[in-house]
Structures are given as C-alpha cells and as structure tokens.
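Trainee: The structure that follows is given in the form of structure tokens.
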Amino acid sequence: MRRAVCPGSFDPVTNGHIDIVQRASALFDEVVVAVGVNQSKNRLFTAEERIDMLREACAPFDNVSVAGFTGLLTDFCAENGIQAIVKGLRAVSDFDYELQMAQMNNGLSGVETLFVPTNPTYSFLSSSLVKEVAAWGGDVSHLVPPVVLEALAERLKED
Ligand code: ADP
C-alpha cells in the first residue's frame, strides 16, 4: 500500500490545494490530507472548521481522507504508514523553504518528499490572499470550493 500525505494549515483550503490533492490521489493508493492543528498562526477558521471544509471538498476522491495532526509531521507519517509527503510548488520562492523542510524530514525519519509543480492556473493562489481579497469584498468564487465560499461569507459577516 503506497500512502502519501498532503500537509498544511488549509486556512482555508483553496482550489490550488485541491489540485495537488487530486493529482497525489492519482499517484498513490491512499492520500491523507493532514491539517496542522497547532495554535502558532492566526487562523480565520478553527481546526475543526478547516477539517470539515476539506472533508467536503475532498469527498469526490475515493482514496483521500482528512485528519488533524500536532507535533512532527515525520511522527504522523510513521504512525500512519505514510512513505511520502507531497507538496505543491508555486514558485521558486516556495522552493528554498520546502527544500529545507524536505531535507530535515528525510534526515529525521527517511520519509521522502515529492514536489508537484502547481497548475499555472493557481500559481498565484494562497489562503492568505483569498482571505484578504474576500475581506475586501472581492470575488473568490473561482478560487475556492463552494463550501469555503459559504464559510468565508459567514465569517466575514460576523467581523
Ligand atoms: P502552510 O501550512 O505552509 O501555511 P498551506 O496550508 O497554505 O501552507 O498549504 C499547504 C501546502 O499546499 C503548501 O505547502 C503547498 O505545498 C501547497 N499549496 C498551497 N497553495 C498552493 C497552490 N496555489 N497550488 C499548489 N499547491 C499549493
């Protein structure tokens, strides 16, 4: 069984994330989307909300599941029989940090990291940009799954 993880904070999940998850799901028997639940960043959505939105957005993919994780990603991989970490690379600017993380993780446990080049349609897309544009009333309907669009509208109405 070949199992991969797509890790991130997904605050919120975007179509760029989904594109990478879908492509990983075609390459591996199983893909786990692992949502970092640590409190280190200012989040718009709680871990539970982020996980629920991902579950809905990933429902069309039979071999994809969603889980929260804390602590080291390498421990999560070991505990779940995961051999590979799949990351999307948007631009060269992503590469420096991702390379460091990949090398660190490989040194910690031997887990491999595979980089998937972002679909050019989404190469400019990030969760933080989606939040910023949505907060100012911009249309992000082509950039996020419908469940996220609804949640953003709700959350921003509250603020
Ligand atoms: P972080 O937890 O580093 O804030 P995100 O939750 O935003 O990261 O994203 C998780 C991972 O998803 C990133 O490390 C990257 O591999 C991938 N990713 C993010 N945005 C895109 C995008 N627009 N296209 C492809 N992959 C992306």
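Trainee: What are the trypsin sites (Lys or Arg not before Pro) within the stretch 4-101 that DSSP puts in a loop, where the Cβ has at most 11 other Cβ atoms within 10 Å?
Mentor: Lys41
Trainee: Beyond 29 Å, what percent of the Cα pairs of the chain remain?
Mentor: The proportion of pairs with Cα distances above 29 Å equals 14 percent.
Trainee: Per-residue ellipticity at 222 nm for the chain, helices alone: DSSP H runs ≥ 4 residues times -39500 (n - 2.57), over residue total, nearest 500 deg cm²/dmol?
Mentor: The per-residue figure over the chain is -14000 deg cm²/dmol.
Trainee: Let me ask something else about it. For the stretch 1-150, what does the accessible surface come to per residue with a 1.4 Å probe? Please give it in Å².
Mentor: Heavy-atom SASA per residue in the stretch 1-150 reads 54 Å².
Trainee: Would you kindly state how much longer the chain becomes between Gln100 and Ala135 on full extension, computed as 0.36 nm times their sequence separation minus their alpha carbon distance, in nm to one decimal?
Mentor: 9.3 nm
Trainee: Using the basic label-point model (7 angstrom from Cα toward the beta carbon), what is the Glu56 to Glu150 distance in nanometres?
Mentor: 0.4 nm
Trainee: Report relative contact order for the chain in percent, whole number only (criteria: Cα-Cα under 8 Å, sequence separation at least 6).
Mentor: After rounding, I find 28 percent.
Trainee: Over the chain, with every protein chain in place, what whole percent of the accessible area is carbon and sulfur at 1.4 Å, could you tell me?
Mentor: Solvent-exposed carbon and sulfur of the chain make up 53 percent of the total.
Trainee: Give, in nm to one decimal, the length gained when the segment between Arg3 and Leu108 is fully stretched (0.36 nm per residue of separation minus the Cα-Cα distance).
Mentor: The Arg3-Leu108 span can extend by a further 35.9 nm.
Trainee: Roll a 1.4 Å probe over the protein heavy atoms and report the accessible area of Thr70 in Å², nearest 10.
Mentor: 100 Å²
The values are calculated or read from the model by the stated rules, or taken from the named source; none is laboratory data. Keep in mind the model is a prediction, meaning the values are calculated, not measured. Positions of Cβ are generated from backbone atoms using ideal geometry, with glycine treated the same way; all protein chains shown enter the neighbour counts. These accessible areas exclude ligands, DNA and RNA; they are computed on the full protein's heavy atoms, side chains included. Shrake-Rupley method; radii C 1.70, N 1.55, O 1.52, S 1.80 Å.
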